[in-house]
Amino acid sequence: MTSTPVRLQRREEVAHGTMAFHFDKPAGFAFKPGQAIDLILQDPAVAGTDSGRHAFSIVSAPHQDELVVATRMRDSAFKNALSRLPVGGAAAIEGPFGSLTLHNKQDRAAVLLAGGIGITPFMSMLQHAAHGALKQRLLLLYSNRRPEDSAFLAELQRLEGENPSFRLIATMTQMEASHLPWMGERGKIDEALLKRVTEGLANPVYYVAGPPAMVAGLRATLEQAGVDDDDIRSEDFYGY
């Protein structure tokens, strides 16, 4: 696959320990909301090695004039190199790829289940839906330890206000460690919560994204709730 050069426009912290990186979007680059790219760095410490590239879901939507990715800033060769990339610095991308995209039948609701940084493909979907004023019913269940750890939470709350077809259910699992107030749900996404918030949705399709253990647990929860495996689509996020 041919790589395409990009340059870093800016970076920002979107949650505690989580950074978003904004790159220019190459002319003619097209993708579907929910797809991913490989980001390739030219830092001498990682260039030309397996540590020089990383797959990221695209946070931005197709109508936007930038490509945005987000990641938890752990101590790895790639992420250390990414943290050193200056504004204006050169990188490259390959893609897009991935099949975690919304189904075409808009009369069927979409239930999105995200854990932590698994929110990234859903950000693209939800921004695209708001921009296009899609009538498809969208429900996001978003689980984090604390509000401080919840990437793009304010942006999601804004999107909920803009799109009457979108509902956000954010839940926190470790509020005892938080310094911020929280009036929303608490605890993990379980069968009881799922059944309560999805009541009345027409024949939904379920999408799950997050760390592998969480994805496996949520798939099991969905199956226990009686969701057919054919109506579940998932993506594991390794190394985020």
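The values are calculated or read from the model by the stated rules, or taken from the named source; none is laboratory data. Fair warning: this is a prediction, and the values are worked out from it, not measured in the lab. Cβ atoms come from the backbone with ideal geometry, glycine included; neighbour counts cover every protein chain shown.
In segment 1-11, is there at least one residue being touching a residue at least 24 places away in the same chain (Cβ under 8 Å), in contact with a helix residue (DSSP H, G or I) (Cβ under 6 Å, 6 or more places away or on another chain) and part of a strand (DSSP E or B)? If you could, list the steps in order and put the result at the bottom.
Of the residues in segment 1-11, the ones touching a residue at least 24 places away in the same chain (Cβ under 8 Å) are 1-11.
Now restrict to residues that are in contact with a helix residue (DSSP H, G or I) (Cβ under 6 Å, 6 or more places away or on another chain): none.
No.
(1) hydrophobic (A, V, I, L, M, F, W, C); (2) loosely packed, with under 15 Cβ neighbours inside 10 Å; (3) under 14 Å from His128 (Cβ atoms): which one isn't true of Ala90, the others all being true?
Condition (3) is where Ala90 drops out.
Can you tell me which condition Val111 does not meet? The list is (1) surrounded by 15 or more Cβ atoms within 10 Å (Cβ to Cβ); (2) touching a His at 6+ places or on another chain (Cβ under 7 Å); (3) more than 24 Å from Gly17 (Cβ to Cβ), and all the others hold.
(2)
Let me spell it out: the conditions are (1) among the hydroxyl-bearing types (Ser, Thr, Tyr); (2) more than 17 Å from Gly210 (Cβ to Cβ); (3) touching a Phe, Trp or Tyr at 6+ places or on another chain (Cβ under 8 Å), and Ser60 meets all of them except one. Which number is the exception?
(3)
Return only the number of the condition from (1) in the same structural domain as Pro211 (by TED's automatic domain parsing); (2) without any contact (Cβ under 8 Å) to a residue 60 or more places away in the chain that Arg137 does not satisfy.
It fails just one condition, (2).
What's the total number of residues in segment 192-219 that are closer than 21 Å to Arg108 by Cβ and out of contact with any strand residue (DSSP E or B) (no Cβ under 9 Å at 6 or more places or on another chain)?
The total comes to 6.
For the list (1) of a type in the set (A, V, I, L, M); (2) more than 12 Å from the chain's Cα centre (by Cα); (3) surrounded by fewer than 22 Cβ atoms within 10 Å (Cβ to Cβ), I need the number of the one condition that Ala61 fails.
(2)
Quick test for you: out of Ala213, Ala202, pick the one residue that is hydrophobic (A, V, I, L, M, F, W, C), within 22 Å of His103 (Cβ to Cβ) and loosely packed, with under 13 Cβ neighbours inside 10 Å.
Working: Ala213 fails: within 22 Å of His103 (Cβ to Cβ).
When all the criteria are applied, what remains is Ala202.
Scanning segment 64-77 for residues that are farther than 30 Å from Ala130 by Cβ and not hydroxyl-bearing (Ser, Thr, Tyr), which turns out nearest to the chain's Cα centre (by Cα)? Break it down into steps so the answer makes sense when it comes.
Step one: filter segment 64-77 for residues farther than 30 Å from Ala130 by Cβ, giving 74-77.
Keeping just the survivors that are not hydroxyl-bearing (Ser, Thr, Tyr) gives 74-75, 77.
Numbers: Arg74: 17, Asp75: 21, Ala77: 22 Å.
Taking the candidates together, the pick is Arg74.
Checking Asn80 against (1) within 16 Å of Phe21 (Cα to Cα); (2) in contact with a strand residue (DSSP E or B) (Cβ under 8 Å, 6 or more places away or on another chain), only one condition comes out false. Which one?
(2)
Quick one: what pairs do we get from segment 149-173, first residue in contact (Cβ under 8 Å) with a residue 12 or more places away in the chain, second acidic (Asp, Glu), C-beta under 7 Å, 6+ apart or different chains?
Phe166/Glu160; Arg167/Glu160; Leu168/Glu160; Ile169/Glu185; Ala170/Glu185; Thr171/Glu185
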